[in-house]
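For reference, the structure discussed in these notes is given below.
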Amino acid sequence: MTHLISHSRRLRSTPFTAGVEAKGVKGYTVYNHMLLPTVFENVVEDYHHLKQHVQVWDVACERQVELNGPDASALMQLLTPRDLSKMKEDQCYYVPVTDNDGKMLNDPVAIKHSDTRWWVSLADSDLLLWIKGYALGKGLDVQVFEPDVSPLAVQGPKSDDLMARVFGEEVRDIRFFRYKRLAFGETSFIIARSGYSKQGGFEIYVEGTENGMPLWDALFEAGEDLNVRPGCPNLIERIEGGMLSYGNDATMANTPLECGLGKFCKPAEGNAHIGHAAMARELAEGPARQVRAIAIGGEPVAPARAPWPLMRDGQQVGQVTSAAWSPDFEVTVSIGMVDAGHWDDGTELTVVTPEGERSALVKEKFWV
Ligand code: THG
């Protein structure tokens, strides 16, 4: 079923919306109160194209929160259990952000400009309010605001070739989760090797709404013979790769350890980040549940809306939170949260889908 989505000032357009609509976007979701495309041809065609060619994604909804001022780094380190002490001024880090109970509030990418200036590239929750409130309550000397910055992602195996044509050969030297500032006409953008797919690519942090469409047009013009197309985070590909979607696979009910983000939770010595006591307790006891890849048997099932219960011997032992048929792996790939004692590789569970019960095999590793 498809539904009309009613537009208004509250549901924000992006600097690229005119381009996305001219290219025939077929579906949107709402993310950070902003339009996020979900389908162009169809999810399966978009998936195959992403794995073979190159796509331009309007991910402006990954809104930035800027921390600017003498206490910016101190505030940033309070927000996350990840050790930022060795982070360089050309790096991006994937950082869990928790509340005082150690529960996930967001899983953004942090971009370090300098010791006094950071961007926090948000997943779908109103983290600006949390950060502003925390800084105010703590009396920190830092401005916290949403700048006019909109990420545009270039993803897929031909990303380097397309980006080199628009920004020069230098883009090829950008390492994973590092960035360079490169010229575009009269202006310049931060370009990082990152993005919400496992196919490789870049994210361009477009400063200034007015620069959005000129960049969009330049990428499509330069990439015609590379078969460049508009795209968007692809449900199937991101499940195969085990990329978490905040609000779906992880919510405020979960901790970073439950989300499998333990490797990003090595607090710097003496760092009492928000929620550190709760995290210390959880580290001692081990998480109560954890994210797993789950292969669902039988015929393809329509993507999950609500979670699907995972059962073992008549007891619920978890839930599947994202699922889609994978053409490449010929199985319904899914992400689930599984209770301790039931998450070992090869554990056979049952999942209750809207289309009936199916076998559910717990896997240690995702598909890619
Ligand atoms: N890029 C930027 N901002 C974002 C996202 C993004 N904000 C919203 C959302 N995505 C945040 N969530 C994620 C989830 C996964 C990753 C990045 C952001 C990611 N993970 C790598 C992986 O799983 O392979 C590992 C990263 C690492 O090793 O540090 O990239 O995509 N700007």
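Could you list the trypsin sites (Lys or Arg not before Pro) in region 273-325 that lie in coil according to DSSP, counting only those with at most 10 other Cβ atoms within 10 Å of their Cβ?
305
Let me make sure I get this right: for region 63-197, a, b and c are the square roots of the gyration tensor eigenvalues over alpha carbons, sorted descending. Under 1.5 in a/c it's rounded, otherwise prolate if a/b > b/c, else oblate. Which is it?
prolate
Restricting to Cα pairs below 8 Å that are 6+ residues apart, what does the relative contact order work out to for the chain? Please round to a whole percent.
Taking the mean separation of contacting Cα pairs over the length of the chain, I get 17 percent.
Write down the percent of antiparallel bridges among all DSSP beta bridges whose residues are both part of the chain, to the nearest 5.
Taking every DSSP beta bridge with both residues in the chain, the antiparallel ones total about 95 percent.
Where in region 146-187 are there trypsin sites (Lys or Arg not before Pro) that are in a DSSP coil and have at most 15 other Cβ atoms within 10 angstrom of their Cβ?
Of the trypsin sites (Lys or Arg not before Pro), the ones in loops of region 146-187 whose Cβ has at most 15 other Cβ atoms within 10 Å are 175.
Given only helices, namely DSSP H runs of n ≥ 4 each adding -39500 (n - 2.57), what is the per-residue ellipticity at 222 nm of the chain, to the nearest 500 deg cm²/dmol?
So the helix-based figure for the chain works out to -5500 deg cm²/dmol.
Can you give me the long-range amide H partners of residue 29? Hydrogens built in the peptide plane at 1.01 Å from N, cutoff under 5 Å, separation of 5 or more residues or another chain.
For residue 29, whose amide H was placed from the backbone, the distant partners under 5 Å are 36, 38.
Placing one identical point scatterer on every Cα of region 188-336 and ignoring solvent, what is log10 I(q)/I(0) from the Debye formula at q = 0.11 Å⁻¹?
Values, matching the q order: -0.64.
Once phi is turned into ³J(HN,Hα) by the Karplus curve 6.51 cos²θ - 1.76 cosθ + 1.60 with θ = phi - 60°, what whole-Hz value does each residue of region 201-209 show in order, with x for glycine and proline?
Listing the rounded values in order: x, 9, 10, 9, 8, 7, 8, x, 3 Hz.
With a ≥ b ≥ c taken as the square roots of the eigenvalues of the C-alpha gyration tensor of the chain, please select rounded if a/c is under 1.5 and otherwise prolate if a/b is larger than b/c or oblate if it is not?
Oblate shape, in that a/c is at least 1.5 and b/c is the bigger or equal ratio.
Take the alpha-carbon centre of region 336-368, take the same for region 264-333, and report the distance between them in whole Å.
10 Å
Compute the Cα gyration tensor for region 198-245, then decide on rounded, prolate or oblate, letting a ≥ b ≥ c be the square roots of its eigenvalues: rounded whenever a/c is under 1.5, prolate when a/b is larger than b/c in the other cases, and oblate in all that remain.
oblate
For a quick protection proxy, order the peptides 229-236, 70-77 by their average other-Cβ count within 10 Å, most packed first.
229-236, 70-77
Could you check the simple spin-label distance between residue 91 and residue 207, using points 7 Å along Cα→Cβ, in nm with one decimal?
Modelled inter-label distance: 2.2 nm.
Any read-out appearing in this document is the output of simple, stated calculations on the displayed coordinates, not a laboratory observation. Since the structure is predicted, the reported quantities are computational estimates derived from the model, not experimental observations. Heads up, the Cβs are rebuilt from the backbone with ideal geometry, glycines too, and the neighbour counts pull from every protein chain shown.
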